[in-house]
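Below: the structure, in structure tokens.
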Amino acid sequence: MGGDLIVHMPDAPRDEAHLRSLLDPEVRIVLGDADDVVDERDVLVRGVPSREEVEGSPRLRALVIPWAGLPGATREILLDNPGVAVHNIHHNAAPAAELAVALLMAVAKRVVVMDRALRSADWTPRYGGDTSITLDGKTVLVLGHGAIGRRVATVCRGLGMHVIAVRRELRTDDTGGPFEVHPAASLDRLLPRATALVVTVPLTDETKGLIDARRLGLLPERAVLVNVARGPVVEERALYEALESGRLGGAGIDVWYNYPKNESERTDTLPSAFPFHELDSVVMSPHRGGSYLADDTERRRVEALAVVLNAMARGGPVPNRVDVSRGY
């Protein structure tokens, strides 16, 4: 096998032919269970591997998660195996950012409420005084200045909004750019400036419950919130109560607190213990920001995966290294 990079993919990609066409000749892909490759694989492509898959391969040097994020179960295994590097891919950053902006606009312009009224031949919202929010000239706080957050910030700036962003740690390229970028410690100071808060951070020990009742209270009256990150980043009860009381002007939510456990529950599972579905100020979306299984998204997935695998084969810097200790 010479200098080949042996990559084991237990789950075949939808567009296998496209993936193979993008890979360097040194990258050898093995699909399926393939017990005969366990002792030879250099790279495992799997989101939630078993402990045996990681610890039973003496040559394994990297795990590639074929999506963004680091599942909790995977993190626990990799914390015990620090010699295995972890990388992920951000192929769905564009559709997730687009949905975030769509939710922001739908909430600010009350699109769903107006649509529902007019479908019932009710024109009264037109004559009752417009309650929508004009975003031009307002401030949006993007919580998470990563692959998704940067795209959201760019679009919001194009809408005439003033953009401020928060990330875990500042980088050299964060200064002098088109946006204000601040470290996480500045969050409380920035929230009172935000007409809109868009949440794009990963769920980690540090971010769980990050937006709680106290921080929601720091937002200006009638501010709007969009969450395309993970539900528990925003405290469930606190968010509902802020919306139900009218203190928050609205929310666009793609990520939730309760999911179907099996196929039979897919048409009978409310996404929260609280009745968000009863609030006209809320636009609800069933965790579809990543455009899962859409043809274009799957094409982007294999293209992003090929970039990572080719970088490994060439021995150069490999993108999207995950800090396992911090969870992203």
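Each value in this text was obtained by applying a stated rule to the coordinates, not by laboratory testing. Since the model is a prediction, treat every value here as computed from it, not as a measurement. Neighbour counts are summed over all protein chains in view; Cβ atoms, including those assigned to glycine, are modelled from backbone coordinates with ideal geometry.
Can you check what the net charge comes to around residue 50, using other residues whose Cβ is under 15 Å from the Cβ of residue 50 (Lys, Arg +1; Asp, Glu -1)? It would help to have the intermediate numbers written out before the result.
Working: positive: 41, 46, 51, 75; negative: 11, 33, 35, 52, 53, 55, 76, 80.
Value of the local net charge: -4.
Dividing the helix sum by the residues of the chain, where each DSSP H run of 4 or more adds -39500 (n - 2.57), gives a mean residue ellipticity at 222 nm of -8500 deg cm²/dmol. Ignoring lysines fewer than eight residues from residue 138 along the same chain, the ones with Cα atoms less than 20 angstrom from its Cα are 109. Per-residue packing, averaged as other Cβ atoms within 10 Å, sorts the ranges 120-133, 295-308 into the order 295-308, 120-133, beginning with the highest. A dipole drawn for the chain from +1 and -1 charges on Cβ atoms has a positive end, and of 192, 25, 38 the residue lying farthest that way is 192.
So which DSSP H runs in the chain come out at 20 Å plus along the axis (Cα) with average Kyte-Doolittle of at least 0.0? Long hydrophobic helices here: 93-108. Taking Cα centre as origin and charging only the Cβ of basic (Lys, Arg, +1) and acidic (Asp, Glu, -1) residues, the dipole magnitude of segment 1-155 rounds to 1200 debye. Reported to the nearest whole Å, the Cα centre-to-centre distance from segment 269-328 to segment 83-150 is 17.
Residues 164, 29 in ascending order of nearby Cβ atoms (within 10 Å, fewest first): 29, 164.
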